[in-house]
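To start, the structure itself, in structure tokens.
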Amino acid sequence: MATKDNTMTPERRLEIREEMFGYPKIQTGGSLMIAWQIKGKRVLLVGGGEVAATRLVHLLSADALVTMIAPAPLHPEVAFRLTQFPQSITWIDRPFQSTDLTSCPNDYSLILTAIDDPVASSEIYTLAQQLKIPANIADVPPECDFYFGSVHRDGPLQVMVSTNGNGPRMASTIRKMIAEALPEDCGRAIERMGKIRQELRKLAPEQREGKRRMEWIKQMSDKYPWDAVAGMSDEDMQNLLEWYFRGQGEGEFYVPEWEELIKMRKGKSKWVREREAKEREEKEREEKGEKKGEDAANGGVEGLNKQVEGLKVEDDESKAK
Ligand SMILES: C[C@@]1(CC(=O)O)C2=NC(=C\c3[nH]c(c(CCC(=O)O)c3CC(=O)O)Cc3[nH]c(c(CC(=O)O)c3CCC(=O)O)/C=C3\N/C(=C\2)[C@@H](CCC(=O)O)[C@]3(C)CC(=O)O)/[C@H]1CCC(=O)O
Ligand SMILES: NC(=O)c1ccc[n+]([C@@H]2O[C@H](COP(=O)([O-])OP(=O)(O)OC[C@H]3O[C@@H](n4cnc5c(N)ncnc54)[C@H](O)[C@@H]3O)[C@@H](O)[C@H]2O)c1
């Protein structure tokens, strides 16, 4: 007769069950990693220095509306963003004051500070807590409702790495390692997949189709190589979607082989044509013995200097108004 093992703790027993049932293992003590849809919502950013510039990259990439409170002069990158996204950023040229929050408690979805003034930082955090608005106080992890992470971006793909405050520089290194390991065209492939899913939901919108639709998309998502999906034309997509309607019953799916799909093509996709032309050009250049990228880099730096000069003028003009 089996005897009960009394040496095992209740926690260990639950762990074994978790494993036995194949449930994901829960490791507590992490952060909630979510993709916040902040588009069109207003964010308060206090400070206009180097860290504020990095915050603006995150915010503008997510189409947020920013109210930035910071006395001039602004960091050059912040000034540049202001001229690049005048519709998204409202700049208030003075230090923060508490009425900025208390007079409009419902205006902001999020508060970020990036200032070199610990007293003002703490005051802003206290106000944020009172108003129940999530806040990130740069340099003060205990006063952060959330941390930023190191983000790799390729079209619709965003990969964020967090070390949960342990080593931000290492987060950046890991992000670069991940980016290196990703397939070259994965951003484009994901964008194409988004289009196929959207089209299919339009063609087969009924609730009762849900299960079959999802199963077909699952099989199709796993089937083709990344570069093939990236190179799909709208014509390929229409051809592929046709296969969805070939099976009728619940477990009946037809996901074509890539070769079958290609046979249906009447022409190459624009993207494939462009990529082939680019490859041909690169090959020609290499054959001519040019050092790849050198000229472009020199031109780039000169071009950038000119652009920054231009911006300075524009910025002064806008202040004069
Ligand atoms: C990922 C990234 C995102 C971003 O900011 O966009 C980010 N910091 C980045 C870079 C970076 N920051 C610092 C250095 C100098 C080297 C070093 O200190 O390690 C470097 C490296 C560099 O500059 O190369 C200084 C620093 N950072 C914090 C403190 C306060 C403290 O630790 O107490 C101090 C002063 C420490 C001191 O005074 O000694 C705190 C935070 N920084 C975080 C995020 C959050 C945790 C993220 C995580 O753990 O994963 C957290 C907790 C709060 C937050 O800021 O949200 C971005 C990399 C972006 C990229 O390159 O891809
Ligand atoms: N979390 C991070 O990743 C990280 C990394 C580096 C530095 N830091 C810390 O973040 C803070 C900001 O760093 P930085 O490099 O951007 O500094 P910075 O000196 O470049 O910029 C500070 C900005 O804050 C503005 N400012 C100061 N007091 C203000 C107030 N009361 N109201 C509005 N604006 C005010 C200044 O005008 C300036 O624009 C520092 O405390 C720094 O140590 C954090």
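The values are calculated or read from the model by the stated rules, or taken from the named source; none is laboratory data. All of these numbers come straight from a predicted model, not from anything done at the bench. So basically every Cβ, Gly included, is an ideal-geometry build from the backbone, and we count neighbours across all protein chains shown. Note: areas computed on protein heavy atoms with side chains; ligands, DNA, RNA excluded. Shrake-Rupley method; radii C 1.70, N 1.55, O 1.52, S 1.80 Å.
Observations on the model:
- Qualifying residue in the stretch 94-111 (condition: farther than 30 Å from D185 by Cβ, within 16 Å of ligand 1 (Cβ to nearest atom) and in contact with a helix residue (DSSP H, G or I) (Cβ under 8 Å, 6 or more places away or on another chain)): yes
- Count - residues of the stretch 149-186 that are open to solvent by 40 Å² or more (accessible area, probe 1.4 Å), within 16 Å of ligand 2 (Cβ to nearest atom), of a type outside the set (A, V, I, L, M) and free of Cβ contacts under 8 Å to residues at least 40 places away in the same chain: 6
- The number of residues in the stretch 227-245 that are within 19 Å of R213 (Cα to Cα) and touching a helix residue (DSSP H, G or I) at 6+ places or on another chain (Cβ under 9 Å) comes to 10.
- Residue-level check: of (1) open to solvent by 30 Å² or more (accessible area, probe 1.4 Å); (2) within 14 Å of ligand 2 (Cβ to nearest atom), M33 misses just (2).
Every residue, every condition in (1) open to solvent by 50 Å² or more (accessible area, probe 1.4 Å); (2) at pLDDT 95 or above, yes or no:
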{"site": "I190", "(1), (2)": "yes, yes"}
{"site": "R201", "(1), (2)": "yes, no"}
{"site": "K211", "(1), (2)": "yes, no"}
{"site": "G249", "(1), (2)": "no, no"}
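- Check on L45, in contact with a Leu (Cβ under 9 Å, 6 or more places away or on another chain), under 26 Å from K132 (Cβ atoms) and part of a strand (DSSP E or B): yes
- Subset of the stretch 138-168 [within 6 Å of ligand 1 (Cβ to nearest atom), touching a strand residue (DSSP E or B) at 6+ places or on another chain (Cβ under 7 Å) and not in a loop (DSSP other than H, G, I, E, B)]: S150
So that you can scan it fast, the table gives a plain yes or no per residue for (1) open to solvent by 60 Å² or more (accessible area, probe 1.4 Å); (2) hydroxyl-bearing (S, T, Y):
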position	(1), (2)
M193	no, no
P225	yes, no
S233	no, yes
Y254	yes, yes
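- Of all residues in the stretch 94-120, those that are closer than 17 Å to I133 by Cα have Cβ atoms under 6 Å from Cβ atoms of residues that are more than 13 Å from ligand 2 (Cβ to nearest atom) and in a loop (DSSP other than H, G, I, E, B), 6 or more apart or on another chain, in Y108/I133; S109/K41; L110/P134; I111/I133.
- The stretch 75-99, residues that are exposed (fewer than 14 other Cβ atoms within 10 Å of the Cβ) and of a type in the set (G, A, S): S98
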